[in-house]
């Protein structure tokens, strides 16, 4: 399961599994699954001296629903390890945010 994050191109918004704009380090759009339909933004987190601090915060409106930590894969590809959580979710959602052609993909498994 997953969602695709794409860079914004004019008024085009793609299918209902896409997140769209990337401006000043912010990715935004809609994450949709069978039980989730939320407009979300991945925004840079405040700088921290704590090496375990997240690189990105995930917001739905003004509510924080998750965070993402920058990682490097075995083949030296950069991605973000994401945790989404909210009291309305039956369980936290763990995902990876990876760059794909034309944008980013949010890919998770349970």
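Overview of results
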item	result
Cβ-based exposure ranking for 98, 82, in which fewest neighbours within 10 Å come first	98, 82
Burial ordering of 104, 79, fewest other beta-carbon atoms within 10 Å first	79, 104
Sequence of 59, 97 once ranked by neighbouring C-beta atoms within 10 Å, starting from the fewest	59, 97
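Taken together, the values in this text are just the output of simple stated rules run on the coordinates, not laboratory data. Here the structure is a predicted model, which means the values were calculated and not measured. Because the Cβ atoms are built from the backbone with ideal geometry, glycine has one as well, and the counts that use them run over all protein chains shown.
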